[in-house]
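Taking it in order: structure first as structure tokens, then the write-up.
The values are calculated or read from the model by the stated rules, or taken from the named source; none is laboratory data. Just so it is clear, the structure is predicted and the values come from calculations on it, not from any experiment. Neighbour counts are summed over all protein chains in view; Cβ atoms, including those assigned to glycine, are modelled from backbone coordinates with ideal geometry.
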Amino acid sequence: MKRIFLLVLFITYSAFAQETPKADLSNPRTTVYTHIYNLQDDSYHPEVSAKTIYGKKENEAIDIAIKIKKVLDGRGLEIDFNRIPSDSTYSDAAGYESLNKFILFPEQMPLISVEKIGPSWYYSRETVERINGLYKDTFPWYIDKIHNLVPGIGYKKIFYIQVWKIVAFIILIVFAVAMFFVAKRLAFLILKKIIYRYTKSKSTDINSSLRKLAHPISLLISLWLISRILPSLQFSLEINKWLFLAINIATIVFWIYVFLKLAQVLISLYQGYADKTEGKLDNQLVPIVKNFSMLIIIIFGAFRLLVLFGADPATVLAGASIGGLAIAFASQDTVKNLIGTVMIFVDKPFHIGDWIEGGGVVGTVEEVGFRSTRIRASDTSVFQIPNSKLSEIVIKNSGLRLFRRYNTTLGLRYDTPPELIEAFVQGVREIILAHPDTKKDAYNVEFTAFGGSSLDIMVNMYFKTLAWGTVQNYKHQIHIAIIKLAVELGVDFAFPSTTMMIEQLPDKSIDIQYNTAKETTDKAIEKTVNEFKGNFLETED
């Protein structure tokens with residue numbers, strides 16, 4: 001009796017154990033679970049998995065279901081069932097053609113999705129139509145030929161991996177390394193030819209940047225080769241998942257490297273352009289653009305890495321927006337200075353080296369930074385002015401003048417004869433004309449006023465140079481020449497004084513003698529001017 005009971009129990013258990021599970025297609029999660037679960041080694045029921053394919057015969061549906069799983073496994077795409085919605089009325093808010101649709105891997109495999117057809121969920125018609133192309137793209141035609149060439153020993157396992165897969169993986173890595181060196185050389189030659197075609201530049205710095213740019217590009221080509229052939233080795237999903245994760249991380253890192261080096265090449269080209277311009281403000285823009293572009297590239301790369309590790313792009317963007325607002329509120333002055341920096345480079349109110357005045361600050365512009373501008377005063381002290389304030393104040397830019405004006409007044413004694421006044425004025429005019437750096441068509445030397453203690457001679461001229469120190473040296477040269485002219489003519493300069501004139505004393509009288517002969521004055525002017533010109537000829541020699 002006991003044996004009969006055990007036999008009945010065994011038969012009942014076997015019946016239940018061998019009962020084919022039912023397909024649950026009530027929502028996206030159960031549909032995908034039905035498909036994947038029934039194709040596992042310990043629960044292999046392809047006919048149940050095939051029920052997730054709509055409108056196909058059983059044999060064709062089984063083939064499609066198996067291909068979908070192989071494609072996902074070959075690409076290392078492990079399904080997270082907790083991420084798949086379990087709502088039978090789930091609606092995709094992205095605006096696809098079918099609203100009741102869910103894409104399993106929007107970034108890596110957007111063509112594989114499930115959609116609601118009638119009351120049930122199936123793999124989408126787009127997936128069914130495109131699966132053969134996806135399968136051929138993942139597992140090329142040579143896979144079967146490789147299997148035919150593998151000897152029996154190749155199917156033995158080491159650490160649960162068949163020997164032929166290990167050998168093929170090593171060969172793939174060696175081939176990718178060889179491809180790296182070839183691609184690096186070709187990439188450099190192509191980039192060099194492109195840059196030369198559009199810029200005609202053979203700069204050493206640009207060539208160095210191009211070599212650095214060719215390095216990550218060749219690495220990306222090698223990684224692309226590995227990612228294309230790796231699914232053909234048919235590793236398990238677990239191995240493919242980690243291999244493709246490493247490849248994707250490396251790809252993002254190398255792309256960041258590519259864009260950083262590309263930015264460096266473009267900045268080098270801009271640097272060459274800036275060096276040819278007269279103003280130095282363009283040169284100052286180079287480090288700012290470099291730092292800003294590097295920051296943007298790194299932030300975008302970090303965003304891509306977060307998405308790769310499963311972060312929702314919308315959530316990351318929302319968090320970045322909220323964080324950006326918080327930072328903006330917390331650092332309003334920094335944002336204002338950044339805007340001020342942009343306005344300075346757009347309006348260009350001054351250049352590096354210009355002498356400016358504004359807001360109580362007078363000095364030479366030395367550097368325009370990301371936050372502030374450095375101005376050095378005449379006593380060599382440094383003003384560090386925030387760019388937000390500098391962009392708002394009224395600035396007098398002496399560096400933008402076409403010429404540097406010099407104006408002074410020379411006072412002659414009241415007893416100077418008119419002939420010597422004319423000779424003195426004419427001599428000063430010729431001294432100005434003799435100077436190599438004065439504007440020859442814009443000067444004035446005129447007897448303009450009767451001063452309190454002198455006859456005032458106005459001297460107004462323009463120097464071509466804008467450098468303050470050089471102008472002071474030119475003024476010195478002209479002043480010395482004017483004094484020598486006065487000595488040769490016998491003309492005295494007046495100074496504030498009170499003179500008592502006693503015209504007659506017993507047996508004495510005051511009679512100042514001036515030589516007003518035109519021949520004498522002409523010789524004095526000629527001698528002084530020739531001597532003045534000779535100074536410049538000696539300097540040139």
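Of the residues making up segment 56-79, those that are outside any helix (DSSP H, G or I), farther than 14 Å from TYR123 by Cα and touching a residue at least 12 places away in the same chain (Cβ under 8 Å) are ARG75, GLY76, LEU77, GLU78, ILE79. Report, by residue number, each residue of segment 449-469 that is under 26 Å from ASN397 (Cβ atoms) and exposed (fewer than 13 other Cβ atoms within 10 Å of the Cβ). The one that is under 26 Å from ASN397 (Cβ atoms) and exposed (fewer than 13 other Cβ atoms within 10 Å of the Cβ): GLY469. In the set ILE195, ILE217, ILE206, ILE256, only one residue is buried (at least 19 other Cβ atoms within 10 Å of the Cβ), touching a Ser or Thr at 6+ places or on another chain (Cβ under 6 Å) and hydrophobic (A, V, I, L, M, F, W, C); that residue is ILE206.
When GLY411 is tested against the conditions (1) more than 21 Å from ASN515 (Cα to Cα); (2) in contact with a Gly (Cβ under 8 Å, 6 or more places away or on another chain); (3) at pLDDT 85 or above, the lone failure is (1).
Scanning segment 205-258 for residues that are among the aromatic types (Phe, Trp, Tyr) and in contact with a helix residue (DSSP H, G or I) (Cβ under 6 Å, 6 or more places away or on another chain) yields PHE254, TYR257.
The rows are residues; the columns are (1) exposed (fewer than 14 other Cβ atoms within 10 Å of the Cβ); (2) over 24 Å from VAL445 (Cα atoms).
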position	(1), (2)
ILE375	no, yes
GLN384	yes, yes
ASN387	no, yes
VAL394	yes, yes
PHE403	no, no
LEU410	no, no
ASP415	yes, no
GLU419	no, no
GLU422	no, no
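Just one of (1) small (Gly, Ala, Ser); (2) over 25 Å from GLY490 (Cα atoms); (3) crowded, with 16+ Cβ neighbours inside 10 Å fails for GLY427. It is (2).
ASN248 falls short on exactly one of the conditions (1) modelled with pLDDT of 80 or more; (2) crowded, with 18+ Cβ neighbours inside 10 Å; (3) in contact with a Phe, Trp or Tyr (Cβ under 8 Å, 6 or more places away or on another chain), and that condition is (3).
Please determine whether any residue of segment 494-501 is modelled with pLDDT of 85 or more and at negative phi. Show your work before the answer.
Pass one, segment 494-501, residues modelled with pLDDT of 85 or more: 494.
In the following step, the residues that additionally are at negative phi were identified as 494.
Yes, because at least one residue in segment 494-501 is modelled with pLDDT of 85 or more and at negative phi.
Could you please find all residues in segment 484-499 being closer than 23 Å to GLU526 by Cβ, out of contact with any Leu (no Cβ under 6 Å at 6 or more places or on another chain) and in a loop (DSSP other than H, G, I, E, B)? GLY490, ASP492 - these are the residues of segment 484-499 that are closer than 23 Å to GLU526 by Cβ, out of contact with any Leu (no Cβ under 6 Å at 6 or more places or on another chain) and in a loop (DSSP other than H, G, I, E, B). Apart from one condition, GLU430 fits all of (1) under 17 Å from PHE536 (Cα atoms); (2) in a strand (DSSP E or B); (3) among the acidic types (Asp, Glu); the exception is (2). The residues listed here are LEU305, LEU266, LEU285, LEU317; of these, the one that is part of a helix (DSSP H, G or I) and either at pLDDT 80 or above or among the hydroxyl-bearing types (Ser, Thr, Tyr) (or both) is LEU305. The residues of segment 433-483 that are under 16 Å from ARG401 (Cα atoms) and either part of a helix (DSSP H, G or I) or not assigned by TED's automatic domain parsing to the domain that holds GLU526 (or both), listed by number, are TRP468, GLY469, THR470, VAL471.
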